[in-house]
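To keep things clear, I will list the structure first and then write my remarks on it.
Read-outs throughout are calculated quantities, based only on the coordinates presented, and are distinct from any laboratory measurement. Remember, predicted model here, so these are calculated numbers, not experimental data. No Cβ is skipped: glycine too gets one built from the backbone with ideal geometry, and neighbour counts run over all protein chains shown.
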Amino acid sequence: MPSQNLRDDADKYLMQTYSRQPITIVRGRGTKVYDLEGREYIDFVGGIAVNVLGHGHPDLVQAIQRQAMHLIHTSNLYYTEPQVNLAKMLVDYSFADRVFFCNSGAEANEAAIKLARRYGHERHGPDRFEVITMKNSFHGRTLATLTATGQEKVQKGFEPLMPGFAYAPFNDFGAIESMVNAKTAAIMLEPIQGEGGVYVADRNYLRNLRDLCTQQDILLIFDEIQTGMGRTGTLFAHEQLDVKPDIMTLAKGLGGGVPIGACLAKESVAAAFTPGSHASTFGGNPLACAAGLAVCRTLLEGKVLDQARRMGEYLAKGLADCKDRHRIVKDVRGLGLLQGMELEADSRAVVADALVRGVLINATGERVLRFVPPLITTQEDIDKLLDVLSAILHQRDTDKALHH
Ligand SMILES: *Cc1c(COP(=O)(O)O)cnc(C)c1O
């Protein structure tokens, strides 16, 4: 079907919840994708931090093919090997003792919020239910997680919101200290705010949060849905920030593109869930977990994490150079292969220009470009991105100078 007809049908048959770029992607290989007309694009979006192994990685493809031949789904009425093996792998390589599997980031956060409330009620009584989240955060689109999300644009029109949430400014320990009270069950945050514009949490801030939580038996929840699975150069971002949470949520990169989410917790916390307290029909299904296992093994046993760390540094340096050369660039920030560039210009127009020049990038908000490529991205890919960005930013600098 020609691209235009497909887009007409999309306008006609799909609920209009997304504004999409004007291309139809039909296949991918490594760090590149191809559209219906056969044009090639270097992928610096990676399915929004999902395709950690790029496209068509043989380890992942083979794991999915093999599992599909054996068993795709059985429900959680029975034991299955991939689910147990993936849980063991995640426990072996994290602070956690137990895992609950679900199908998306929002569901992982729902599980975390439910677990925190159960734990609070059990330990401290029914008034212990409040979750403090951060302004400018992003935790998902279900009613509880959009309430947890500290952004009005995500909440607008869906009121009444869930009770039991409060919002603190990010990286401001004094503010949160004054908000904590007898109702506080948990503090939930992203080690790096991704959708909110790529803001990295301060080490001291996290350490202070950790101490506060430990002193008052408040649960510290890290939403590593975007920052986890090697994105920042270590399996989880908090490893580099020297603070361990009580609960962590994962999704995006975990299945390398196959939908899966997970909520991880320490034993003392996980014990608040008992048979019947939480469930998901698809959660931890053999296909998704086989994909998750292949991703974990390839990240940990292959050289992908090292590659991600090196390429993260290379990208950060290239973007910083860009900032020095172009007045229109206001800030560059991030960790590893989660990088953001704040502009004094419309970020969406830059995304459109880059697309035409064969590079996929993403805008988060009106002013910030976000770069979340596959972890297998190469120096050559990054050089191409930087060339394209430079050309576009140069044009913006010139336009701006003419206007003044
Ligand atoms: C993407 C994201 C979510 C939501 O994940 P979905 O799979 O879209 O529900 C939650 N938290 C963070 C930090 C995310 O980046």
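Numbers below:
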| item | result |
| --- | --- |
| For region 65-71, 3J(HN,Hα) per residue [Karplus equation, 6.51 cos²θ - 1.76 cosθ + 1.60, θ = phi - 60°, Hz, x = Gly/Pro] | 4, 4, 5, 4, 6, 7, 6 |
| Debye equation applied to the C-alpha atoms of region 1-123, log10 I(q)/I(0) at 0.10 Å⁻¹ | -0.55 |
| Distance between region 366-382 and region 214-288 - C-alpha centres, whole angstrom | 24 |
| Convex hull volume per residue in cubic angstrom - Cα atoms of region 344-404 | 77 |
| Highest-first arrangement of 337-349, 55-67, 10-22, where packing means the average Cβ count within 10 Å | 337-349, 55-67, 10-22 |
| The chain, helix-only ellipticity at 222 nm - DSSP H runs n ≥ 4, -39,500 (n - 2.57), divided by all residues, nearest 500 | -13000 deg cm²/dmol |
| Percent antiparallel among DSSP beta bridges (both partners in region 60-201, rounded to 5) | 20 |
| Directionally averaged shadow of region 256-321, computed from the convex hull of its alpha-carbon atoms, nm² | 7.0 |
| Amide hydrogen neighbours beyond the local backbone of Lys266, cut-off 5 Å, H modeled | Asp97 |
| Simple Cβ-charge dipole of region 274-353, Lys/Arg +1 and Asp/Glu -1, about Cα centre, in debye nearest 20 | 160 |
| The chain: antiparallel DSSP beta bridges as a percent of all, rounded to 5 | 65 |
| Phi to ³J(HN,Hα) by Karplus 6.51 cos²θ - 1.76 cosθ + 1.60 over region 95-103, Hz, x for Gly, Pro | 6, 8, 10, 9, 10, 10, 9, 9, 10 |
| Cβ-placed point charges (K, R +1; D, E -1), dipole of the chain about Cα centre in debye, nearest 20 | 220 |
| Cross-link pairs beyond the 32 Å C-alpha cut-off, checked among Lys135/Lys244; Lys153/Lys266; Lys244/Lys303; Lys153/Lys323; Lys12/Lys135 | Lys153/Lys266; Lys12/Lys135 |
| Assigned charges on the beta-carbon of Lys, Arg, Asp, Glu; region 310-404 dipole about Cα centre (debye) | 140 |
| Alpha-carbon Rg with Dmax, taken over region 197-315, Å | 15.8, 48 |
| Cα long-axis angle, helix 347-356 against the chain (0 to 90 degrees, to the nearest 10) | 60 |
| For the chain, with +1 on Lys and Arg beta carbons and -1 on Asp and Glu, the positive-most of Gly365, Leu220, Ala279 along the dipole | Ala279 |
| Size descriptor, Kirkwood hydrodynamic radius, that averages inverse alpha-carbon separations across the chain, Å | 22.0 |
| Highest-first arrangement of 243-249, 393-399, 279-285, 43-49, where packing means the average Cβ count within 10 Å | 243-249, 43-49, 279-285, 393-399 |
